[in-house]
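The block underneath contains the structure these notes are about, expressed in structure tokens.
Derivation of every value follows stated rules applied to the coordinates shown; laboratory data play no part. Please read these numbers as outputs of a predicted model, since none were measured by experiment. Here Cβ is always computed from backbone atoms with ideal geometry, including for glycine, and neighbour counts include all displayed protein chains.
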Amino acid sequence: MFINSTHVLVGIPKITRWLGRTAFVALVIGLPWALYYSPPDYQQGETMRILYVHVPASWGSLLIYTGMAITSGIAFVYRWFLGHLITRAFALVGVILAVISLVTGAIWGLPTWGTWWVWDARLTSMLLLFFLYLGYFALIRSYTYEDKGLQAGGILVMVGWVNVPIIKWSVDWWHTLHQPASLLRLAKPAIHPQFLMPLLVMAIGMASLSLYFGFIRLQTHIRERKLLAEHLRQRPENLAV
Amino acid sequence: MTARQHRLRFLIFVGILFVGGVGLILWSLQENLLYFVTPQALSQQKAGIHLRLGGLVQPGSIQRLGQDLVFVVTDEVATVTVHYVGIVPDLFREGQGVVVEGILKNNIFEATVLLAKHDERYLPPTVVSALKEKGQWRP
């Protein structure tokens, strides 16, 4: 397949450094703006500031899972093994963002709704996404041979992807306690620019940071496998490992 | 065809079948997946079962008598009177969303849980005051 691991090790480090710098600048601007220099909400007051972390984390966990499904699909059809490595590298970033989304959501829910948790369609499907991430890790580790494990994981990711549109439209298809979409919808945004601007900066910052960590993990995994391959070449008797 | 084309077609075919299957299941479970029923739909539910009711708090309907809270939930088509004793979230106000859990008894909904539901609008207080002054505020 066109892009292989060697290409990645050559081309990615520079991109990764720039992602790190972008993340730093965006968060240095975004966090004070979000936490202090933006107004409170007329209805929710200061507690709405959790939005600036909760929303980018939610978007991130969904987008990363979608990216994982795409790389797994290409890996499956084109026998592109790097796709499996990308899937695994970004899985950890995705699961952490999912946890951040669930936890910040719960913290936000208590003062606003009056409860940490409800089993409505949005929260339940988001929890399911978290379990899919966990299931991916459990599955890939359960195989003796890493390559087979990653292939099985790819199938799980693709099958589980059906949950993503369910999460997105859960607030429209069913009555939920979670609010409907304020931004990603056909109508005009229901969120005022004074909130939207810091939100976008935070989203850029968290997205860059996520990509930064994902690419570092990817490079590490590729180097590990190359070292292992070299080791096995020199010591064929260790192939039983 | 090549092995690759075969894999691609397999993926697409299974994918469509699977998504179709999940869609069918979700569609058939519609009633059961609702987090709450609206006042209009309440009359169609079996009497005496524990369920959740959601809607807007009718302006002017909130009454507090000591520990007891009484108000009316509306979806602009039907109304239900609710009686609740317990902690009330800050966001519970007239004209705002509410979800209550309990049992309908003698046309009064006896609630054991009360949750406030907020809409998707985010506005600074200054903008809200300005709109109210201009008479353009929609609660």
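How much net charge surrounds A:LEU209 when only other residues with a Cβ under 15 Å from its Cβ are counted (Lys, Arg +1; Asp, Glu -1)?
Net local charge, A:LEU209 excluded: +3.
Return the distance in nm (one decimal) between the two label points of a simple spin-label model at A:TYR37 and B:ILE87, each offset 7 Å from Cα along Cα→Cβ.
The two pseudo-label positions are separated by 3.6 nm.
Evaluate E = 1/(1 + (r/R0)^6) for A:TRP18 and B:ASN106, where r is the Cβ-Cβ distance and R0 equals 56 Å; express this FRET efficiency to the nearest 0.05.
Here the calculated transfer efficiency is 0.25.
Apply the a/c threshold of 1.5 to the C-alpha gyration tensor of chain B and tell me whether it is rounded, prolate or oblate.
oblate
Only helical DSSP H runs with n ≥ 4 go in: add -39500 (n - 2.57) per run for chain B, normalise by residue count and round the 222 nm mean residue ellipticity to 500 deg cm²/dmol.
Result for chain B, helices only: -9500 deg cm²/dmol.
What ³J(HN,Hα) values, in whole Hz, does the Karplus curve 6.51 cos²θ - 1.76 cosθ + 1.60 give for the range A:36-44 when θ = phi - 60°, with x put for Gly and Pro?
9, 7, 9, x, x, 7, 4, 9, 9
Using the alpha-carbon atoms, what tilt in degrees (0 to 90, nearest 10) does helix A:51-78 show relative to the longest principal axis of chain A?
30 degrees
How many angstrom lie between the Cα centre of the range A:14-67 and the Cα centre of the range A:84-101?
17 Å
How much FRET efficiency would the formula 1/(1 + (r/R0)^6) give for A:SER142 and A:LEU92, where r is the Cβ-Cβ distance and R0 is 30 Å, rounded to 0.05?
FRET efficiency, A:SER142 to A:LEU92: 0.95.
Measure nothing fancy, just the Cα-based angle from helix A:146-160's long axis to the longest principal axis of chain A, in degrees from 0 to 90, nearest 10.
Roughly 30 degrees between the two axes.
For a protection proxy built on the mean count of beta-carbon atoms within 10 angstrom, sort A:55-64, B:33-42 highest first, please.
Top of the packing list down: A:55-64, B:33-42.
Report the local net charge at B:GLU101: Lys and Arg +1, Asp and Glu -1, summed over other residues whose C-beta lies under 13 Å from its C-beta.
0
Label points 7 Å out from Cα along the Cβ direction at A:ARG223 and B:GLN96: separation in nm?
That separation, rounded to one decimal, is 5.2 nm.
If the label point is 7 Å along Cα→Cβ of B:LYS46, which residues in the range B:80-115 have backbone nitrogen under 18 Å from it?
B:102-106
Other chains' Cβ within 10 Å of A:118-131 residues: what's the mean?
Rounded to a whole number, the mean comes out at 2.
Quick check: the angle from helix A:81-112's long axis to the longest principal axis of chain A, C-alpha only, nearest 10 degrees?
Tilt of helix A:81-112: around 20 degrees.
Dipole size in debye (nearest 20) for the protein assembly as shown around its Cα centre, Lys and Arg Cβ +1, Asp and Glu Cβ -1?
Rounded to the nearest 20 debye, it is 1500 debye.
Which order results if B:ARG121, B:ARG9 are arranged by neighbouring Cβ count within 10 Å, fewest first?
So the ranking, lowest neighbour count to highest, is B:ARG9, B:ARG121.
How would you rank A:7-14, A:124-131, highest first, on the average number of other Cβ atoms within 10 Å across their residues?
Result, highest mean first: A:124-131, A:7-14.
Karplus couplings for the range A:205-215 from phi (6.51 cos²θ - 1.76 cosθ + 1.60, θ = phi - 60°), rounded to Hz, Gly and Pro as x?
Per-residue couplings from phi come out as x, 6, 5, 4, 4, 5, 5, 4, 5, x, 5 Hz.
Show me the ranking of peptides A:133-141, A:206-214, B:19-27 by mean Cβ neighbours inside 10 Å, starting with the highest.
Those peptides, ordered most packed to least, come out A:206-214, A:133-141, B:19-27.
Computed FRET efficiency, Cβ-Cβ of A:ILE29 and A:ALA106, R0 22 Å: what is it to the nearest 0.05?
Taking R0 as 22 Å, the efficiency between A:ILE29 and A:ALA106 is 0.20.
Averaged over peptide A:52-59, how many Cβ atoms belonging to another chain are found within 10 Å of each residue's Cβ?
Whole-number average of other-chain Cβ neighbours for A:52-59 is 0.
Place +1 on the Cβ of every Lys and Arg and -1 on the Cβ of every Asp and Glu in the range B:1-93, take the dipole about the Cα centre, and give the residue among B:GLN44, B:THR74, B:GLY23 whose Cα lies farthest towards its positive end.
B:GLY23
Can you give the helix-only mean residue ellipticity at 222 nm for chain A, where every DSSP H stretch with n ≥ 4 adds -39500 (n - 2.57) and the sum goes over all residues, rounded to the nearest 500 deg cm²/dmol?
Rounded to the nearest 500, the figure is -26000 deg cm²/dmol.
Sum up the charges of everything whose Cβ sits under 14 Å from the Cβ of A:GLN151, counting Lys and Arg as +1 and Asp and Glu as -1, but leave A:GLN151 out.
Here the count lands on +3.
Roughly speaking, what is the centre-to-centre gap between the range B:1-35 and the range B:60-138 when only Cα atoms are used, to the nearest Å?
40 Å
Treat each spin label as a single point 7 Å out from the Cα along the C-beta direction, and report the A:THR6 to A:LEU134 distance in nm.
About 4.2 nm, to one decimal.
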